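Below: one structure, written as structure tokens.
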Amino acid sequence: MDVYDSIPTIVTIFVAIVAKISIFIFLLGLVFYTNLYLNYNNNNWSIILLISSIFSLIVGTFLGITQFRIKKLLAYSTISHVGFLLLALNISNIESIQAFVFYLIQYSFTSLNAFIIILIMGLFLFYYNINNKYDNNNNNNSLFDEIYSPLQLISQLKGFFFINPLLSLSFVVTIFSFVGIPPLMGFFAKQMVLSAAINSSFIFITFIAIITSVIGGVYYLNIIKEIFFKNSDYNINIFKVYSLKKDHIYTYTSLYIPSPITFTISIITLTILLFIFINKEWLSMGTILVQILYNY
């Protein structure tokens, strides 16, 4: 958790996505080829993965509720999502592996969108002054890191909707996908894993996964409350904005996101939002990868 929180946000993106993809692809190959070629007793893998999945779901959910730092909260959220991935890996049949592959792909895209948005939100806050010197948790403004992570606390998002409505809406779509709200991409990923678990008679852990998903929505709703339902304490810092271009003072509406980043956020957000209309292509990709694996 401290690694997520202390390193620059741009590095957190790499740690949160690339490292996890590598680890889970390794675990997929380890479980599959061990069971296939060494005739290893599947129950040994099942017990280890099942216990890890249950602990990941519970720990990631309940410890995440207590967090007030944005990247730590996302770190605990990641632990909860790892529980779903381990559950799919534990079942280890064609249906569950397809769910595993799709969940890993969609979670990577959604996490990428979330961290890019946090990075850009921090850039916006760099050009604003906060009126009060202390936030709700009595944390001093020295927590603002203008070089690496300007956005560190959930309370810093207070009223951000009034600073940039479209970026706030994109962040909400991403958050709802994490929760698993239909018809967003995250809902279909969780539905596939839970369906595979029910079909394989993993009723108890399916119940735990559903309950923890509902409870986990609480800390996501806290972010939404800060963004949309609280008044902003920020005023634009004319001196910082003036330094962008010495012959022109940018106004509030002139602070904009660079085009490549805008394009990236827009594409990922629309994919998450409109997944129900393009699901065949994504699901077919997962099916092909599973067929390659099982027909190797």
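The values are calculated or read from the model by the stated rules, or taken from the named source; none is laboratory data. Keep in mind that what you see is a predicted model, and the values were worked out from it rather than measured. Every residue, glycine among them, receives a Cβ derived from its backbone with ideal geometry; neighbour counts consider all protein chains shown.
If you check Thr9, Thr61, Thr110 for being buried (at least 22 other Cβ atoms within 10 Å of the Cβ) and at pLDDT below 80, only one passes: Thr9. When the range 83-109 is filtered for residues that are under 24 Å from Ile10 (Cβ atoms) and either acidic (Asp, Glu) or over 11 Å from the mean Cα position of the chain (by Cα) (or both), the ones remaining, listed by number, are Leu104, Ile105. Of all the residues in the range 108-126, those that are in contact with a Lys or Arg (Cβ under 8 Å, 6 or more places away or on another chain), within 14 Å of Ile272 (Cβ to Cβ) and not polar (S, T, N, Q) number 0. Does the range 175-187 include one or more residues that are modelled with pLDDT under 85, surrounded by fewer than 18 Cβ atoms within 10 Å (Cβ to Cβ), out of contact with any Asp or Glu (no Cβ under 8 Å at 6 or more places or on another chain) and not in a helix (DSSP H, G or I)? The answer is no, given that none of the residues of the range 175-187 is modelled with pLDDT under 85, surrounded by fewer than 18 Cβ atoms within 10 Å (Cβ to Cβ), out of contact with any Asp or Glu (no Cβ under 8 Å at 6 or more places or on another chain) and not in a helix (DSSP H, G or I). In the range 64-74, the residue that is surrounded by the most Cβ atoms within 10 Å (Cβ to Cβ) out of those that are in contact (Cβ under 8 Å) with a residue 12 or more places away in the chain and not in a helix (DSSP H, G or I) is Arg69. Looking at Ser77, Ser56, Ser46, just one residue is crowded, with 17+ Cβ neighbours inside 10 Å, part of a helix (DSSP H, G or I), of a type in the set (Gly, Ala, Ser) and at pLDDT below 90, and that residue is Ser77. Within the range 55-97, the residues that satisfy the criterion of being over 22 Å from Ile25 (Cβ atoms) and among the polar types (S, T, N, Q) are Thr61, Thr66, Gln67. Can you find even one residue in the range 244-252 that is surrounded by 12 or more Cβ atoms within 10 Å (Cβ to Cβ) and modelled with pLDDT of 75 or more? No: zero hits.
One residue alone among Ile261, Ile238 is at pLDDT below 70 and of a type in the set (A, V, I, L, M), and that residue is Ile238. Residues in the range 216-233 that are part of a helix (DSSP H, G or I), surrounded by 15 or more Cβ atoms within 10 Å (Cβ to Cβ) and not acidic (Asp, Glu): Gly216, Gly217, Tyr219, Tyr220, Asn222, Ile223, Ile224, Ile227, Phe228.
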